[in-house]
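Q: Once you've had a glance at the structure underneath, I'll fire off some questions.
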Amino acid sequence: MKSVARARHVRQSPYKVRVVLDQVRGLSAADADVALRFSSRRAAGPILKCLRSAVANMNSKFDLGQDVEELAAEVTVVEAYADEGLTIKRFRPRARGRATRIRKRTCHITIVVSDGREETD
């Protein structure tokens with residue numbers, strides 16, 4: 001059984017977010033939660049929120065009725081990736097009446113968790 005959670009328009013570049021996602025991919029959700037809570041990277045906050053949402057989505061989607069902490073110990077992070085989102089463009093004044101473009105990048109974080117069992121419809 002798989003469950004997905006997405007965090008869209010996160011105000012951080014996908015390059016910086018992917019560094020943290022590489023650390024949690026393949027871990028159990030409980031281990032990934034601990035690793036993210038003690039990470040010093042700014043991207044860890046939105047990723048942690050998205051991970052907890054994916055576990056809660058699995059609990060409600062399949063009506064498991066388990067405590068979220070118990071379920072987090074059983075599921076693993078199967079996929080975790082960051083796609084590029086909108087780029088907010090701003091301008092900074094420069095010398096001699098010119099301007100420089102400033103690109104404020106955003107990303108879409110996607111986390112897929114699974115407990116290893118096949119879904120039955």
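The values are calculated or read from the model by the stated rules, or taken from the named source; none is laboratory data. Remember, it's a predicted structure, so these values are computed and weren't measured experimentally. Note: ideal-geometry Cβ built from the backbone for every residue, glycine included; neighbour counts use all protein chains shown. These accessible areas exclude ligands, DNA and RNA; they are computed on the full protein's heavy atoms, side chains included. Shrake-Rupley method; radii C 1.70, N 1.55, O 1.52, S 1.80 Å.
Q: Is the stretch 46-100 rounded, prolate or oblate when judged by the Cα gyration tensor, a ≥ b ≥ c being the square roots of its eigenvalues, rounded requiring a/c under 1.5 and prolate requiring a/b larger than b/c?
A: Prolate, since a/c reaches 1.5 and a/b exceeds b/c.
Q: Let me ask something else about it. Can you tell me, using C-alpha contacts under 8 Å and at least 6 residues apart, the relative contact order of the chain as a whole percent?
A: Normalised by residue count, the contact order of the chain is 42 percent.
Q: Ok, one more. Place a point 7 Å from Cα of Asp22 in the direction of its Cβ. Which residues in the stretch 70-105 have their backbone N less than 11 Å from it?
A: In the stretch 70-105, the label zone of Asp22 (backbone N under 11 Å from the point 7 Å along Cα→Cβ) covers no residue.
Q: In addition: Can you list which of the trypsin sites (Lys or Arg not before Pro) found in the stretch 65-121 are DSSP loop residues with at most 12 other C-beta atoms within 10 Å?
A: Passing sites in the stretch 65-121 are Arg94, Arg98, Arg117.
Q: Shape of the stretch 1-48 from its Cα gyration tensor (a ≥ b ≥ c, root eigenvalues): rounded if a/c is under 1.5, otherwise prolate when a/b > b/c, or oblate?
A: Values: a/c = 1.83, a/b = 1.19, b/c = 1.54.
In terms of gyration-tensor shape, oblate.
Q: Count neighbours as other Cβ atoms within 10 Å of each site's Cβ, and list the chymotrypsin sites (Phe, Trp or Tyr not before Pro) in the stretch 17-121 that are DSSP loop with at most 12 such neighbours.
A: Phe38
Q: Pairing the Cα long axis of helix 14-24 with the longest principal axis of the chain, what angle in degrees results, from 0 to 90 and rounded to the nearest 10?
A: Roughly 20 degrees, rounded to the nearest 10.
Q: Right, another one. Give the carbon-plus-sulfur fraction of the accessible surface of the chain in %, rounded to a whole number; probe 1.4 Å, heavy atoms of protein chains only.
A: Carbon-and-sulfur percentage of accessible area, whole number: 46.
Q: With the cut-off at 21 Å, tell me which of the pairs Lys2/Lys104; Lys16/Lys49; Lys16/Lys61 have Cα atoms farther apart than that.
A: Violating the 21 Å Cα-Cα cut-off are Lys2/Lys104; Lys16/Lys61.
Q: So between Arg92 and Arg6, what do we pick up on full extension, going 0.36 nm a residue minus the alpha carbon distance?
A: 27.7 nm
Q: Of all alpha-carbon pairs in the chain, indicate the percentage at a distance above 23 angstrom.
A: The proportion of pairs with Cα distances above 23 Å equals 37 percent.
Q: Report the Cα centroid-to-centroid distance between the stretch 75-121 and the stretch 1-62 in angstrom, as an integer.
A: Between the Cα centre of the stretch 75-121 and that of the stretch 1-62, the gap is 13 Å.
Q: From the helices alone, meaning DSSP H stretches of at least four residues, give me the mean residue ellipticity at 222 nm for the chain, per-run term -39500 (n - 2.57), in deg cm²/dmol to the nearest 500.
A: Numbers: 4 runs with 45 residues, N = 121.
My calculation for the chain gives -11500 deg cm²/dmol from helical runs alone.
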